[in-house]
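One structure is given below, encoded as structure tokens.
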Amino acid sequence: MNTYLKAPKSISLGPCLIIGFFIVSAFSGIGFLLSENQFLSNSLLFCSGWFFWTFFEYAVHRFFMHELIVPQAKKDIINHRYHHRNPQDIKINIKHRLFILLIISIVAFYAFQMGGFMMNLLGFLVGLSNYTFLHYLLHRPIGGVLMPRVQRNHILHHSIRPNHGFSFSTVLWDWLFNTLPPKSDIVTKKMMEFYFQDLQTIKQNP
């Protein structure tokens, strides 16, 4: 799929980082202010860590993988171009996911004892772990049942809208920074065939 549509007039890197940092910091700050209520404080700090992951996920995918470093690189060190050409070939496997879950278990042990920034870190790592499973599900038909809107955005991202639909965990940041695919876009049968093409077919026809 190489018929790419014009990029949107979206918010650039600097303002994105400022707005994202402000929102996440405010959320986390409320958690620290409510430290007298340990349960509420830890819950907010955990959620703010997860929320920070969703912004990090958006920013890395959009600015690192698409707009700044990778497009100018001679070698695609993170295989993102390859992933766009071969959407079913996802490099993160079950070993990577299990390793992340092990790290989460260790961090969770200390986070529930120490609270504070450790709860932020735990929320961030849980967001990372969720991403590894969400991305896999988005490339399977079941993703259309569990997350229809996000999968629609991701199919369009892989076909005609590579400058839209950068988030996996939430559509908030795409909405806030004007990178949501237009509602008028239609996911065609050809897009679906490309997006769900069999991995074996990919290997036979690189």
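Take the conditions surrounded by 19 or more Cβ atoms within 10 Å (Cβ to Cβ), at pLDDT 90 or above, within 18 Å of ASP89 (Cα to Cα) and not acidic (Asp, Glu) and apply them to GLY143. Does it pass?
The answer is yes for GLY143.
Condition check ((1) touching a helix residue (DSSP H, G or I) at 6+ places or on another chain (Cβ under 6 Å); (2) outside any helix (DSSP H, G or I); (3) surrounded by 16 or more Cβ atoms within 10 Å (Cβ to Cβ)) across all residues:
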{"position": "MET118", "(1), (2), (3)": "yes, no, yes"}
{"position": "GLY127", "(1), (2), (3)": "yes, no, yes"}
{"position": "THR132", "(1), (2), (3)": "yes, no, yes"}
{"position": "HIS135", "(1), (2), (3)": "no, no, yes"}
{"position": "HIS154", "(1), (2), (3)": "yes, no, yes"}
{"position": "SER169", "(1), (2), (3)": "yes, yes, yes"}
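Looking at the range 126-149, which of its residues are charged (D, E, K, R) and within 15 Å of the chain's Cα centre (by Cα)?
Of everything in the range 126-149, just one residue is charged (D, E, K, R) and within 15 Å of the chain's Cα centre (by Cα), namely ARG149.
Can we say ASP174 is assigned to a helix (DSSP H, G or I), acidic (Asp, Glu) and out of contact with any Asp or Glu (no Cβ under 6 Å at 6 or more places or on another chain)?
Yes: the conditions hold for ASP174.
Please indicate, with yes or no, whether at least one residue in the range 92-107 is at pLDDT 90 or above, loosely packed, with under 11 Cβ neighbours inside 10 Å and assigned to a loop (DSSP other than H, G, I, E, B).
No, there is no match, as no residue in the range 92-107 is at pLDDT 90 or above, loosely packed, with under 11 Cβ neighbours inside 10 Å and assigned to a loop (DSSP other than H, G, I, E, B).
Only one of (1) modelled with pLDDT under 90; (2) hydrophobic (A, V, I, L, M, F, W, C); (3) open to solvent by less than 20 Å² (accessible area, probe 1.4 Å); (4) over 18 Å from the mean Cα position of the chain (by Cα) fails for PHE63. Which number is that?
It is condition (4) that PHE63 fails.
The values are calculated or read from the model by the stated rules, or taken from the named source; none is laboratory data. All values derive from a computational prediction rather than experimental measurement. Please note: Cβ atoms are built from the backbone with ideal geometry, for glycine as well, and neighbour counts cover all protein chains shown. The protein model used for the area step is the full one, side chains on, heavy atoms only, and it has no ligands, DNA or RNA in it. Shrake-Rupley method; radii C 1.70, N 1.55, O 1.52, S 1.80 Å.
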